[in-house]
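Have a look at the structure below, then the notes.
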Amino acid sequence: ALVCWRVKRHLERGDDSRATQDALRKSQERLQLALEAAGIGIWDWNMVTGEAYFSDSWIQMLGYELDEVEPNFDAWRAIIHPDDLPAIEAAIQAHIDDGVPYEVEHRLRTKRGDWLWVLTRGKVVRRDDGGRPLRMAGTHRDVNETKLMQEALRESEERFRSIVEGAPDAIFIQSDRRFAYLNPAACRLFGAASADELKGT
């Protein structure tokens, strides 16, 4: 549980339960506000029972009401984009087996039915005496805008490359008076079979 230092101080001093509860409520409110401002949601997964906790900001980030997401692993798994699920499962297993940091960008289905890109980070926080993982917790952060910008840039670069590669005019780029890029028309102009013959010259 996340308990601020003021709550801990109340508990250590043996203050009455009303003061402790008030401090705890204020601490939780501040934490919730900070998470919402940062675009971060918290999750906590009981790996034995499958039960899970999703913070209000985690749920609301996806557009759901608080009672619309079941608090269990299967509910989370059901809203993962099918193409992303194998990478997520592999990353969880690598973290469990080898301690590889669990950090994955993937898509989750929103209440509207579209897909939201999130960056998920987590770690096993409890194991039994035999090393079997019992509990895993972490965060997810909305990275949708960044991912969409990256995708738009990639598509733009692909379109530009397609135009340049198919252009009938010779197009080339030089750096320090050496060829860094040549399109096929430039290769033909200089009598080269491929750009590799001229790059760096």
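Numbers for the structure displayed
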| item | result |
| --- | --- |
| Local net charge near L153, Cβ-Cβ under 13 Å (Lys/Arg +1, Asp/Glu -1) | -1 |
| Under the Karplus curve 6.51 cos²θ - 1.76 cosθ + 1.60, θ = phi - 60°, whole-Hz ³J(HN,Hα) for region 178-184, x wherever Gly or Pro sits | 10, 5, 10, 8, 9, 7, x |
| Where GluC sites (Glu not before Pro) in DSSP loops with at most 13 other Cβ within 10 Å are excluded, longest remaining stretch of the chain | 69-201 |
| In region 156-201, the chymotrypsin sites (Phe, Trp or Tyr not before Pro) that fall in loop regions by DSSP, at most 15 other Cβ within 10 Å | F190 |
| Cα centre as origin, Lys/Arg/Asp/Glu Cβ charges: region 111-201 dipole, Debye | 680 |
| With at most 11 other Cβ atoms within 10 Å, longest stretch of the chain clear of loop trypsin sites (Lys or Arg not before Pro) (DSSP) | 1-111 |
| Region 49-85 versus region 143-197: alpha-carbon centroid distance in Å | 43 |
| For the chain, size of Cβ-based charge dipole, Lys and Arg +1, Asp and Glu -1, in debye | 640 |
| Pairwise label distance in nanometres, R127 with R188, each label 7 Å out on the Cα-Cβ vector | 6.2 |
| Average accessible surface area per residue within the chain, 1.4 Å rolling probe, Å² | 66 |
| Estimated inter-spin distance, A94 and A78, nm [label 7 Å along Cα→Cβ] | 2.9 |
| Calculated from backbone phi, Karplus (6.51, -1.76, 1.60) coupling profile of region 74-79 in Hz, x at Gly/Pro | 4, 5, 5, 4, 5, 9 |
| Label-to-label distance, nm, for residues given as E105 and E145 (7 Å Cα→Cβ offset) | 1.5 |
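The values are calculated or read from the model by the stated rules, or taken from the named source; none is laboratory data. Note that the coordinates shown come from a computational prediction; the quantities given were computed from them, not determined experimentally. Every residue, glycine as well, gets a Cβ built from its backbone with ideal geometry; the counts of neighbours run over all protein chains shown. Just so you know, the surface numbers come from the protein's heavy atoms only, side chains and all, with ligands and any DNA or RNA stripped out. Shrake-Rupley method; radii C 1.70, N 1.55, O 1.52, S 1.80 Å.
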